[in-house]
Every structure is written in C-alpha cells, then in structure tokens.
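I have placed the structure first, in the form of structure tokens, so that the comments after it can refer back to it.
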Amino acid sequence: MKIKTAFICDECGYKSPGYLGKCPECNTWGSIKEVALENKKNSKSTSKTRKKRPILRLQDVKSSNSDRIVTNINEFNRVMGGGIVKDSITLLSAKPGAGKSTLLLQVANDLGKSGLKVLYASGEESESQIKNRADRVTEDLSSDLWVISDNSLDSVLFNVDDIDPDVIILDSIQTFTLGEFSNSRAGSPTQTMECANALVEIAKDLERPRVVILVGQMTKEDEIAGVRALEHLVDTVLLIEGESGEELRTLLTTKNRYGSTGEMGFFYITDKGMVSIDNPSEYFMTTRENNSEVPGSSITVVREGTRPVILEIESLVSHSFMPYPSRIGECMKREQLNTLISIIEQRGDIKLYDKNVVIKTTGGMKLKEQASNLAVLMSIVSSVKGVGIPSSTVFIADVGLTGELKRVPSLETRLRELDRMGFKTAYVAPGSAKAIKTKTLNIIEKEKLRDVIFHVFK
C-alpha cells in the first residue's frame, strides 16, 4: 500500500508538494518536514477490523506504578522514579559519545541477570561491536540478553514474537524503518513516528506488557532529532549531559509520567562503563587532611530534582595587569557573575575593579539555583582576604541587589541533609528557619551580606 505524504511547515502549517529548505510563508529555515497523510478509504475499512478494547472504571484499573523493575544501578532507579514501570516506553538522548549506548547495555545486562529476557536491537552497530562493548563494561554477561543488528523494525518485531522478551531496547529509533512506509527514508518524521507507534502498541499490550527503551539521536542544537511529537508519545524522556573531556555525566529526566520531572542522577564514565555516584555530596566536596581551611572555598547545598546535594564552590581572585580584568565563571553565566561582583563591591565594601575573578565548582556542576549566591560571594571574600572558611560552615541564601539575604525554597530539606552529614553552622536568610529543629547544626540568620562577612571573618 502506497502512503501519500506531504511536506508541512512545523511553524505555520504551510503545505508543499516537495521539500523546501526555507518556508515561503513564515521564512523559517529547516522547518518543513515530511508527514504521512491519512488515507480516508483505508481508514474506513480498517476501522471495521479494529480490535475492540474494553472500557474499565478508573477505580478498578490496576496501577502499574507500584509494580516496578528495580535495577542494581541506584542512580538510574532514582531518575526513573524508583524503577522501570513494566508497560512503559522511555526515550534516552544525548550527544554522540556521552555514553547512552554504554549505559543501556549495562541496564540490559543487569535486567537479564535478574531473570528478565532482554532484546537489544541496534541499527548503528554490528553484533560484534556490541559484544566488544559488553566484554569491556560487564564482567558477567547474562544468558538472557539477546542482540540483533538490523535497520528493519519488521525484522525486530518478528524476533519479538519468537523469543517473547520482557524488555526491548532500540538503538536508535531514527535508524529503523517499517516496510509499509518504504517511500520514506530512515529518520524521516513518518518513519520515526510510525516505528514509535508500533513499539507503543507492544509496550501497552494489556495481555503482555513490556518495557521499551528507545535511543534518540540529538541535533547540533542539542535537541532530540525528529518531530516534537515523539517526546509527547513516550512516557519518560531522559537526557545524558556532560562534556566530552570530563568524566562526570548527569542523567536528567525532562518528562516522567511515573515520577518527578527534573530528577537527576550522577555517574562518572570510565573504561569499564558508567559508574553510579550513590553519594553525590561526598563526590562534590574536597576531602582535606585535618579539615584544614583553604582561602577561596565555601560550601552550599543545591537541589537537583528532589535531592539536596552539598557542593563546594572555589574562587580565585588575583591582581589584573590589564585595563579590563577577567571574569570567568565555569559553573555560571558571566552576567550572573558580574552581578554578584557588583553586589559585593557596593554592599560588601570589597573592591574588585582591578582584580581577576575565577569561579568554579568541584566536579564541574553548574550553578542553576539562586540559593548558591551567598556561597559564591563568601568564597570571593575568602579569596580576597586570604582567610579560609571552616569546612563545617555552609551558606544557603540568595542575595539581592540591596545586599539583603533572601529566602530559598526547600530550606528544611537542605538543612536536614547538612545535619545528617555532620556540618556545624549554616547561614540563612532571616525568618526562614525558625521552626526547623536540628541535632547538631547551628542555624544562624543574618539580614545582610555585610553582617555575614563581619560574623565569619570577625
């Protein structure tokens, strides 16, 4: 059956009989995509043979959220919301070389060793290449892990009927095609969506639910390749972030129908694969002998998803021999760093007009929250004065342009984590921690940045 297609602009809906690089209606480049048109004659005939699905009362529906598959990779379980739901479909994307195929192969082998039958289908690598990676990242290869290297989804579906796997992993969805849509190339919107729809039907089968995990390629703009509808179709969307030259990798969920959105897991990549960082607070802090105080170092607590992470911020302030001093923030935007420097000059009476200022975090984590602003400012003050801050002291507050300390969300969760880790002192905004009780943590409330500087450095 020949499927009719048209080229439609994603921005304005302009329809063209052929591909155009630029939409003549809205003048947007690269927005025209190939889309399959519905065949009305065939839709009537297929509706008669369509299988009727029973209607259920919502209160009688069995919840699958409590019936999860838990792996031995703790950070993966956390990001998934506590484990993998048995009838779910997940989309994982990352830049080339970020480790998405490595992580999924580790997950597949772990699920295979737990007694589940796993089918790993690759449209990019041969069976021997997959085996070489498996020998490198796994010590004990599961006998329930099956592999197929083919670009045809029809072939994969035939093998699904033969071996009846519990988990299906497709790497990557943009490389597979269905024979029914032979007039569309692999990676086109038509092929991508139709392949995804076929896999959704398999995952959501009431009689035989399965776990389906898809790998999605990423564009130069760091977006998932293909139509946006692919992200709406799946239950969970995961992203692996991390620079190619660094070992730290973060697994972030941008969509999760079975858990919290924005949850983040931490890994470091090695020759043996992705290693889960089960205690990030220890990873993002420098261990020093005898808890020695080092100028330019301060500690704060940031939230990644629902998890509080204790983070060390380092500053280096040096004399500038150029008319325009450098402002380098590896962990934050330059505009934000310039704003904080202006606040500390005007409200903290510390002059930095002839000083170079460099900011970074241990582990390379990005500072996305305003709750870390007080810690950044205190690390700069510590570097200027050449006096270290006690390693048991933490700063959790935003700082306004007036120099006043501002409250931050989820303060109680952050303070509980500090109390659990044995920290002694925490500086916060006034009125934000009156009802919070801790065992050993001394909570100090200050109104202004100048008060904190005076209290810490006497």
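The values are calculated or read from the model by the stated rules, or taken from the named source; none is laboratory data. None of the values given here were measured: they were computed from a predicted structure. Methodologically, a virtual Cβ is constructed for each residue, glycine included, from the backbone with ideal geometry; neighbour enumeration extends over all protein chains shown. To get the accessible areas, we keep the full protein, side chains included, count just its heavy atoms, and leave off ligands, DNA and RNA. Shrake-Rupley method; radii C 1.70, N 1.55, O 1.52, S 1.80 Å.
Just a few scattered comments:
- Extension gain, residue 293 to residue 56, is 78.9 nm, computed as 0.36 nm per intervening residue step minus the present C-alpha separation.
- Label-to-label distance, nm, for residues given as residue 398 and residue 219 (7 Å Cα→Cβ offset): 3.2 nm
- Relative packing of peptides 256-265, 124-133 - highest average C-beta neighbours within 10 Å first: 256-265, 124-133
- Of 89, 76, 182, farthest towards positive along the dipole that unit charges on Lys, Arg, Asp, Glu beta carbons give region 61-216: 76
- Listed residue pairs exceeding 20 Å between alpha carbons, taken from 117/255; 62/86; 368/406: 117/255
- q = 0.15, 0.27 Å⁻¹, region 58-135: log10 I(q)/I(0) [Debye, one scatterer per Cα]: -0.62, -1.50
- Long-range HN-HN contacts of residue 217 with modeled amide H, under 5 Å: 173, 174, 225
- With viscosity 0.890 mPa s and temperature 25 °C, the Kirkwood radius over alpha carbon pairs of region 234-277 converts through Stokes-Einstein to a diffusion coefficient of 220 µm²/s.
- Shown is the FRET efficiency for residue 420 and residue 457, computed with R0 = 35 Å from the Cβ-Cβ distance and rounded to the nearest 0.05: 0.80.
- Between the helical axis of 411-421 and the longest alpha-carbon principal axis of the chain there is an angle of about 80 degrees.
- Cα-based helix-to-principal-axis angle, 127-137 vs the chain, degrees rounded to 10: 30 degrees
- Look at the Cα gyration tensor of region 216-324: its axes a ≥ b ≥ c give a/c of at least 1.5 with a/b over b/c, and that counts as prolate.
- Charges were assigned to the Cβ only: +1 to each Lys and Arg, -1 to each Asp and Glu. The resulting dipole of the chain about its Cα centre is roughly 1500 debye.
- Rolling a 1.4 Å probe across the protein heavy atoms gives the chain an accessible surface of 52 Å² per residue.
- Sequence-distant residues sharing a close amide H with residue 68 (under 5 Å, placed H): none
- Taking only alpha carbon atoms, region 274-332 gives an Rg to Rh ratio of 1.08, where Rh is the Kirkwood radius.
- Taking every alpha-carbon pair under 8 Å whose residues sit at least 6 apart, region 88-171 reaches a relative contact order of 39 percent.
- Listed options for Cα Rg over 2.2 N^0.38 Å are (1) 1.09; (2) 1.18; (3) 1.62. The value calculated from this structure is the one marked (2).
- Full-extension gain in nm, residue 124 to residue 232, via 0.36 nm per residue minus C-alpha separation: 36.4 nm
- If R0 equals 51 Å, the separation of the Cβ atoms of residue 182 and residue 74 corresponds to a calculated FRET efficiency of about 0.70.
- The chain: angle of helix 189-203 to the longest principal axis, Cα-based, in degrees nearest 10: 90 degrees
- Calculated diffusion of region 176-251, Stokes-Einstein form, Kirkwood radius summed over Cα pairs, 20 °C and 1.002 mPa s, µm²/s: 150 µm²/s
- Whole-percent pair-distance distribution, where bins are 5 Å wide, for the alpha carbons of region 355-398: 5, 19, 27, 31, 16, 2
- Separation of the residue 286 and residue 316 label points, Cα + 7 Å toward Cβ, nm: 1.0 nm
- Percent of Cα-Cα distances greater than 22 Å, calculated over region 86-183: 26 percent
- Volume per residue for region 393-458 equals 72 cubic angstrom (convex hull of Cα atoms).
- Rolling a 1.4 angstrom probe over the chain with all protein chains present gives an accessible area of which 48% lies on carbon and sulfur atoms.
- FRET efficiency for the residue 342 to residue 241 pair, using the beta carbon distance and R₀ = 35 Å, is estimated at 0.70.
- Extension gain, residue 198-residue 445: 0.36 nm per intervening residue step, less the Cα-Cα distance, totals 83.2 nm.
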